[in-house]
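I have placed the structure first, in the form of structure tokens, so that the comments after it can refer back to it.
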Amino acid sequence: MLIMLIVIIVFSTIVAYKEYQNFEIEAQSIQTEFIQKQKDTIVFDTKRVLGFIHNAYKNRDTEQDEDLLKKQILHAIEELYGRQDGTGYIFVYDFSGVVLSDPVQRHNIGKNLYATQDTNGVMVIKDLIDISRMKEGGFVEYQWLKPTSGTLSPKISYAKSFEPWGWMVGTGVYLDEVEKHIQTQRNILKNRL
């Protein structure tokens, strides 16, 4: 009977360990897949806004005041993009680092944030502007204030430029959402074990 109990305990431990190992592999896969989906979404959103800007620029009335047109476009972007939780918004900076649009931190509009550095030393705005001027734009990972929590959170943003006006246009996603998703899966596994 004792031998049978030991065999059952050993077998159960091996099964639980294997299940945990499989989950760790699955968690990595979930994280990679989730981040890729988020990247695809922010690229889509940014390019869609750039299409809107380009279309307005291309079809502008040459008699219209260009500064007024820019204000109207920025206002439309602020009204149309973003989620109820204060994420998913589009931000726009000029190439010198001046905030032109930030619907979450409106107090920053008009300020030059070019030299803004995160806790890891990333020159956030400078790097976003630089990468936005690459042919296909690009991604920057950094720490940023999350509107829903008021704390610094890891974030990845995609930025692409609109050269005629010297604008960097971008949006991002907070990566702590990935960890929440994986933690939920861990809790499910723990309950299953």
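The values are calculated or read from the model by the stated rules, or taken from the named source; none is laboratory data. As the structure is a computational prediction, the values presented were derived from the model and not from experiment. Here the Cβ is made from the backbone with ideal geometry for all residues, glycine too, and neighbour counts use every protein chain on show. Heavy atoms of the whole protein, side chains included, go into the accessibility calculation; ligands, DNA and RNA do not. Shrake-Rupley method; radii C 1.70, N 1.55, O 1.52, S 1.80 Å.
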Scan of region 147-162 for residues that are without any contact (Cβ under 8 Å) to a residue 24 or more places away in the chain and open to solvent by 20 Å² or more (accessible area, probe 1.4 Å), ordered by number: 149, 150, 151, 154
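Can you tell me how many residues within region 163-177 are modelled with pLDDT under 90 and either of a type in the set (S, T, N, Q) or not in a helix (DSSP H, G or I) (or both)? Walk me through it before giving the result.
First, pick out the residues of region 163-177 that are modelled with pLDDT under 90: 173-177.
Now narrow it down to the ones that are either of a type in the set (S, T, N, Q) or not in a helix (DSSP H, G or I) (or both): 173-175.
Total satisfying the criteria: 3.
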Enumeration of residues in region 90-110 that are without any contact (Cβ under 8 Å) to a residue 60 or more places away in the chain, on the phi < 0 side of the Ramachandran plot, open to solvent by less than 50 Å² (accessible area, probe 1.4 Å) and not hydrophobic (A, V, I, L, M, F, W, C): 101, 102, 103, 105, 108
Which listed residue is assigned to a loop (DSSP other than H, G, I, E, B) and farther than 17 Å from residue 106 by Cα, from 155, 135, 160, 180: 135
Per-region count, region 84-106, residues modelled with pLDDT under 95 and in a loop (DSSP other than H, G, I, E, B): 11
